[in-house]
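Remarks on the structure that follows.
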Amino acid sequence: MQISKRVGVLLLVIALLVGLTMGMWGCAPEAVPPQEKPPAEKPPAEKPPAEKPPPTIKVGLLGARTGPAAAYGEALAGAEWVFEQANTAGGIKSMGGAKIEWVYGNTESNVDKVVGELERLVTVEKVDAIIFSSATMEQSAGAPYFDKNKIPVLGTISTGGPLFPLNLKYWFCFSAPSDEAYGKAPINIILRGLIEEFNIKHDRIALVFCDADYIKMAKEAAIPELEAMGLTKNIVYNKLHPAKITEAMMASVALEVKASKPDVVIYNDIVANSTKNFKAFHELGFYPPVLVSGLSLIGYEKFWQMLGEEMMIDQIATKAVFFTALTHPKLPYPPYQEAATKFEPWLKAKGIAATFYHYLDMQAAYALCRVWETIGTKDPEKVNDALHEIKIEEGDPHLVAPLFLPALEFYPNGRPVNVTPFGAQWQEHELELIFPLEIRTAEPVFPK
């Protein structure tokens, strides 16, 4: 009995030892592995930074939009059309499709309004450039502020005479300088041509100019041209009348001019006086045998409205009145003609008749677009530097104003390098190019 108990205890010990050994060698039942932790979630990918929208370019369109010189401010529609076309075509591509905005300023044909409107455009509207479509007297009033504001000012219409000596860095003349348009061109292109080709009588010459600065500068430029032609000895009237003149005073001037019995009248004046002069001639029944002028406004439909149909026919459209033109509907220059076929219907839909001046403002706008596209920035200082270096050559679709052929470029003082005015005449309701000969659209008329 004792032996059996001992054997049972021994077997129990052996069994325990065997079970322990098997567990050590991995033969025990498979253990359940611990549950794995779920993988940590990856942080969300960062969104790419949003692309910056293209900048907006803002241009001030400043001019005489009301008053007697409203034809000048009205011409800003030429710039508006260019900017509208650029926006429709995708904006300024080198700036990511930047769109152009424009805001108007109105001088009201009043030099006293210029500085206030100029400052408003710069400080309140914060424009990047200004197209200033107004007369020389108004642009002269703003001249002290151009370089001070450091905003490029593209001056159209103004003949710029008093501004060139100032050597302004931030002003550019997109018109014919006074000595070219008012002084030299009427003598050199028109009078010389009439004498050489048609041998018009020119024994007695009357110079009728007003005392505005740029008109006086034009007169100073005209005298050497007359001297070169041997005509200074033929001058029988040579007086300056006031820039601010009443109709009664202009009547006295007209009486003196008539009394001098001129064969040729060379007439230059500010726009506000132009209708007074022809009205005074009309009242006197005075019809100069030949009248030559640098006043290109005479060639506009607008002048018919200003002077009136009856007086326009009586004094100008049936007489030997010749004047400088800055372009012409029949001018055979393809970029101008191509622009005109698109622009003039657009303008007509607004109830506005096209003038030469529209193409000057259009040219200024094209110059800005060319610069923005080329340098890829609207920074006023860089734009201004690029305008000083600009050269748009003949045939380029961005050179639409034939006045600047063969290329649009500037001297350091903002004066255009090339200026080519033309000579024109109204023949009834048809505006004809008379000079130069190679682009003549009709023979000149010399009524008796």
Original post:
When the range 57-72 is examined, which residues are found to be not in a helix (DSSP H, G or I) and not polar (S, T, N, Q)?
Top reply: ILE57, LYS58, VAL59, GLY60, LEU61, LEU62, GLY63, ALA64, ARG65, GLY67, PRO68, ALA69
Original post:
Say we look at the range 424-442 and pick out the residues that are under 16 Å from ARG192 (Cβ atoms) and free of Cβ contacts under 8 Å to residues at least 24 places away in the same chain; which of these is surrounded by the most Cβ atoms within 10 Å (Cβ to Cβ)?
Top reply: ARG440
Original post:
Which ones in the range 171-220 are among the polar types (S, T, N, Q) and either open to solvent by less than 30 Å² (accessible area, probe 1.4 Å) or part of a strand (DSSP E or B) (or both)?
Top reply: SER175, SER178
Subject >> Residue list for the range 251-279, restricted to those being over 34 Å from the mean Cα position of the chain (by Cα) and under 22 Å from PRO68 (Cα atoms) >> reply: ALA251, VAL253, ALA254
Original post:
Within the range 119-141, which residues are under 23 Å from ALA176 (Cα atoms) and open to solvent by less than 50 Å² (accessible area, probe 1.4 Å)?
Top reply: ALA129, ILE130, ILE131, PHE132, SER133, SER134, ALA135, THR136, GLU138, GLN139, SER140, ALA141
Original post:
How many of the residues making up the range 121-140 are more than 19 Å from the chain's Cα centre (by Cα) and within 25 Å of GLN363 (Cβ to Cβ)?
Top reply: 0
**OP:** Find the residue count for the range 221-246, including only residues that are open to solvent by 10 Å² or more (accessible area, probe 1.4 Å), part of a helix (DSSP H, G or I) and at pLDDT 95 or above.
**Re:** 8
Subject >> Number of the exception - PHE323 against (1) surrounded by 22 or more Cβ atoms within 10 Å (Cβ to Cβ); (2) touching a Phe, Trp or Tyr at 6+ places or on another chain (Cβ under 8 Å); (3) closer than 30 Å to LEU61 by Cβ; (4) not acidic (Asp, Glu) >> reply: (2)
Original post:
Between residues in the range 382-393 that are among the small types (Gly, Ala, Ser) and residues that are open to solvent by 40 Å² or more (accessible area, probe 1.4 Å), which pairs lie under 8 Å by C-beta distance while being six or more apart or on different chains?
Top reply: ALA386/THR374; ALA386/ILE375
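The values are calculated or read from the model by the stated rules, or taken from the named source; none is laboratory data. Predicted model only: the values in this text are computed from it and were never measured. FYI the Cβ positions are ideal-geometry reconstructions off the backbone, even for glycines, and counts take in every protein chain you see. Protein only, heavy atoms only, side chains kept; ligands, DNA and RNA dropped before computing areas. Shrake-Rupley method; radii C 1.70, N 1.55, O 1.52, S 1.80 Å.
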